[in-house]
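Report on one structure; see the data block that follows.
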Amino acid sequence: MNILILYYSGVVNTKMVAEKIFDLLHGLHEVTLASIEKLTTDITIDNYDSLVIGFPTIHASPAQPILTFIEQIKQLKKSIPTFLFTTCGLYSANTLRIFAKQCEKKNIITILSKNYRCAATDGVLIAPTMNIWSCHEKRLDKKVENDVSDFMWKMHYELSCAMYLQG
């Protein structure tokens, strides 16, 4: 399976999770990891079997650079199953649903979406004394590992169903 991991990272949290996902998949599949800010023109999204897209939640919305990126790409020739994830300081609100709707317009179909609470400054002005702002959620690595396993299971299930329907 050929997987493209795309991410935008504001303060390195999303990059950290994207790299963890890459480490989990690399060696088992052909995996490309790319920041949308450094994306080369030789990457054609249509050439991949599946996508992983990560971005931070900023003010209860997807970060603007990832929204702009999705708006600017051409509609894909085929539907590509996708794992979306967002990183946030406390609460991701409707961020994943908002982004999934934008992706769907481009034939990027969400089959799994998850949020990861990471150290952040987005709530420091509201509640500066809360220790939550300075640490990642407990067992973040294990959660990411379980979610990647779930995504791969869903991918294999969808492929099996598609092959069955084709006869």
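Throughout, read-outs are computed from the coordinates displayed, never taken from laboratory work. Since the model is a prediction, treat every value here as computed from it, not as a measurement.
Do the alpha carbons of any pairs in Lys74/Lys142; Lys105/Lys142; Lys74/Lys154; Lys74/Lys138 sit beyond 29 Å of each other, and which pairs? Pairs exceeding 29 Å: Lys74/Lys142; Lys105/Lys142; Lys74/Lys138. Across the stretch 21-31, computed HN-Hα scalar couplings (Karplus, 6.51 cos²θ - 1.76 cosθ + 1.60, θ = phi - 60°) run 5, 4, 4, 5, 8, 4, x, 8, 9, 7, 10 Hz from first to last residue, x flagging Gly and Pro.
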